[in-house]
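Report on the following structure.
The values are calculated or read from the model by the stated rules, or taken from the named source; none is laboratory data. Model, not experiment: these values are computed from the prediction. Glycine gets a Cβ as well: all are built from the backbone with ideal geometry, and neighbour counts include every protein chain shown.
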Amino acid sequence: MKVNAAIGQMKPYKGDYKRNLSSLGDLFEQLEEETPYPDILTLPETALSGYFLEGGVRDIAISREELFSDLLKLYRERVSRIDAVLDICLGFYELADGKYYNSALYATLTTTDTDFVKAQIVHVHRKFFLPTYGVFDEKRFVSRGRTIEAFPTRFGMAAVLICEDVWHSISATIAALQGAQTIFVISASPGRDFGGQHVGSVRRWKVLLPSIAEEHNVWVVYAGLVGFEGGKGFTGSSQVIDPWGNCLTTGSVTEECLVCATIEQEDVAIARAASPLLADLESALGDVILQLGKL
Amino acid sequence: MNRLPVLRATSIEADSDINLEVNEALLNEWLIAFLRDEITRRRGFKQAVVGLSGGVDSSLVAYLLAAALGPENVIGIRMPYKSSSSDSLDHAKLVADATGINMETIEITDAVDGYLKLCQDADGRRRGNVMARTRMIILFDQSQKLGTIPVGTGNKTERLFGYFTWHADDSPPVNPLGDLYKSQVWDLASYVGVSEVIVNKPASADLVVGQTDESDFGISYPKADRILFYLLRGYSAARLCEMGFPDSEVTLVKKRLDSTHWKRHLPTTAMLSSTSINDYYLRPVDY
């Protein structure tokens, strides 16, 4: 199966949910003009609010149901085709059960529900590793997610990880062991260190993302926030990596853009047949767990 | 005996600039994007005001602003005092001519002397502070007139040394250079095309005739920058000495750094509630 992936590398207006939602509506309209029409749209971490909100998280955070309702309403207002379907994966500050989280929603949007495809919330991932050092202060403002879970989508098993989740290789390993064949990574990564060919944090992503793809033979779809917040610039560089670790396309470091690539799902099996590292891990998993149990 | 070839990692020398090297093209692109986002997108201003001293910092900022906003949207203001070097004025004009930005000249002598004649006992430091604060009054007022903001030019080295007038040089709301050491400012200035006569001249606040930054510090910028880099990374003074940095220079730099933390913060406010601003009530600057 071919899956047309699009990444909306957005530059949100800080704390202005309605305005950012309107920008997303513009993007929905633009997607209608794109050929092929995307099957899945991925947006960065905190795409509709901006990232560094501090105490503003409590002003901006919404429930997953409220976000989904807003997205669906927007999609049906802005998309004219009556049989349009789009999966969407995006980051948001979530309010749930009296707690705030840095979360990612994966949902299916339709202009019209059918017996085969219905608009629905598919999955919510809450950021598992919250950076709280240097410029980051997440633990002060949001609670930590407790699970990493692969989940079924219209296009097979997938998982979502948020920014620092991926800086720990174990997160992607867990997702792959659970069956994810595509890992969506969303981030708000402030750029620092300008001594090399790339901004330092981009250099790190350029190592991390292909490593995940190549080790587990999964597709990696990466959406990076872009734009400056209080002097801190996010590094964009949204990209799609194939199961051999090749980057198919990369977005700008500083500007908004739409990054598109076609995911050939059968490539996962082809890559794994040649390099069965995940199968090796699965067969040794009992001993791995034993070793972890000693910690 | 068959000996294996030895491939030994070399230590970084104390006089190496390797950690201060920047990718100028990348940095230039980043700072232009920063200025566009922070001035235009976030704050909604089309124009910007910058004080042109004729030095390398303000010259670089003028080049960056011209690239970010278009030269027609940048107003460089020369603000000489009667003792200011004529080179400073000439070099500022060089920058305006080269970039195509607008340039104005507003003398500060009458304003400064109007106050200082009431303070005949004012020493050089006080006089310098009055000049710096007068310049900032002008930059903010001219910005108000134009409906825009002034852009700062202070670099990381002078910020870490506390070598600026508090709530004067450091007060513009946007500053592209504040996280660049002076050595890096020189590199980037050369890259964007700031005249060699500006880049290569000794840095000076030009508050006193013949004054230079480095003579005020007692250490050159390149040496200070290398030491600051490691101190901020978290290395101890003892480790820097082990690496080959002279003890006297490490001590000098560390003393300046440790004695000026207050200058890099807002005023100390008595906290009296659990909604104390910036203690409990936390909202980012651009929220």
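Tabulated data
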read-out	value
Selection within the range A:215-233 - more than 10 Å from every other protein chain (Cβ to nearest Cβ), part of a strand (DSSP E or B) and within 10 Å of A:A188 (Cα to Cα)	A:A223, A:G224
Tally of residues being closer than 14 Å to A:V166 by Cα and in contact with a Pro (Cβ under 8 Å, 6 or more places away or on another chain) across the range A:221-240	2
Hits in the range B:89-121 (condition: under 24 Å from B:L31 (Cβ atoms) and touching a Pro at 6+ places or on another chain (Cβ under 7 Å))	B:T99, B:G100, B:I101
Counted residues, the range B:90-142 - those being under 30 Å from B:G70 (Cβ atoms) and in contact with a Ser or Thr (Cβ under 6 Å, 6 or more places away or on another chain)	5
Output for the range B:149-167, where each listed residue is over 23 Å from B:G218 (Cα atoms), assigned to a loop (DSSP other than H, G, I, E, B) and at pLDDT 95 or above	B:G152
Residue under evaluation B:S59, criteria (1) at pLDDT 95 or above; (2) over 19 Å from the mean Cα position of the chain (by Cα), criterion not met	(2)
Search result, residues across the range B:111-133 that are free of Cβ contacts under 8 Å to residues at least 40 places away in the same chain and not in a loop (DSSP other than H, G, I, E, B)	B:A111, B:V112, B:D113, B:G114, B:Y115, B:L116, B:R125, B:R126, B:N129, B:V130, B:R133
Filter result (surrounded by fewer than 16 Cβ atoms within 10 Å (Cβ to Cβ) and without any contact (Cβ under 8 Å) to a residue 40 or more places away in the chain) within the range A:78-113	A:I82, A:D83, A:D97, A:G98, A:T112, A:D113
Pair list, Cβ < 6 Å and 6+ apart or interchain, from the range B:276-287 residues that are farther than 10 Å from A:K14 by Cα to residues that are outside any loop (DSSP other than H, G, I, E, B) and not β-branched (V, I, T)	B:L282/A:E54; B:L282/A:G55; B:R283/A:E54; B:R283/A:G55; B:R283/A:G56
Any chance B:G76 is farther than 27 Å from A:F194 by Cα and within 14 Å of another protein chain (Cβ to nearest Cβ)	no
Residue list for the range B:1-33, filter: in a loop (DSSP other than H, G, I, E, B), within 14 Å of chain A (Cβ to nearest Cβ) and modelled with pLDDT of 90 or more	B:S16, B:D17, B:E21, B:V22, B:N23
Selected residue [more than 19 Å from B:K145 (Cα to Cα), without any contact (Cβ under 8 Å) to a residue 60 or more places away in the chain and not small (G, A, S)] from B:N28, B:N73, B:N19, B:N2	B:N2
Among the candidates A:V226, A:V240, A:V220, A:V253, residue that is buried (at least 24 other Cβ atoms within 10 Å of the Cβ) and in contact with a helix residue (DSSP H, G or I) (Cβ under 7 Å, 6 or more places away or on another chain)	A:V220
Selection within the range A:256-278 - surrounded by 18 or more Cβ atoms within 10 Å (Cβ to Cβ) and touching a Leu at 6+ places or on another chain (Cβ under 7 Å)	A:A261
Residues located in the range A:114-156, provided they are closer than 17 Å to A:H216 by Cα and either modelled with pLDDT under 95 or buried (at least 18 other Cβ atoms within 10 Å of the Cβ) (or both)	A:I148, A:A150
Residues of the range B:175-211 that turn out to be more than 14 Å from the chain's Cα centre (by Cα), of a type in the set (S, T, Y) and surrounded by 21 or more Cβ atoms within 10 Å (Cβ to Cβ), as a count	0
Of residues in the range A:192-204 being in contact with a Ser or Thr (Cβ under 6 Å, 6 or more places away or on another chain) and more than 9 Å from chain B (Cβ to nearest Cβ), the one modelled with the lowest pLDDT	A:S201
Filter result for A:E77 (acidic (D, E), in contact with a helix residue (DSSP H, G or I) (Cβ under 9 Å, 6 or more places away or on another chain) and at pLDDT 95 or above)	yes
Selection count, the range B:1-44, where residues are acidic (D, E) and more than 24 Å from the chain's Cα centre (by Cα)	1
Yes/no for A:L281 being assigned to a helix (DSSP H, G or I), surrounded by 13 or more Cβ atoms within 10 Å (Cβ to Cβ) and in contact (Cβ under 8 Å) with a residue 40 or more places away in the chain	yes
From B:R41, B:R36, residue being of a type in the set (K, R), facing another protein chain (nearest Cβ under 10 Å), free of Cβ contacts under 8 Å to residues at least 12 places away in the same chain and closer than 26 Å to A:G236 by Cβ	B:R41
For B:F217: the one exception among (1) under 16 Å from B:L160 (Cβ atoms); (2) free of Cβ contacts under 8 Å to residues at least 40 places away in the same chain	(2)
First in the range A:181-195 and farther than 16 Å from A:F129 by Cα, second anywhere and acidic (D, E), Cβ under 6 Å, 6 or more apart	A:G195/B:E21
Test: residue in the range A:168-191 that is within 14 Å of chain B (Cβ to nearest Cβ), surrounded by fewer than 24 Cβ atoms within 10 Å (Cβ to Cβ) and either modelled with pLDDT under 95 or in a strand (DSSP E or B) (or both)	yes
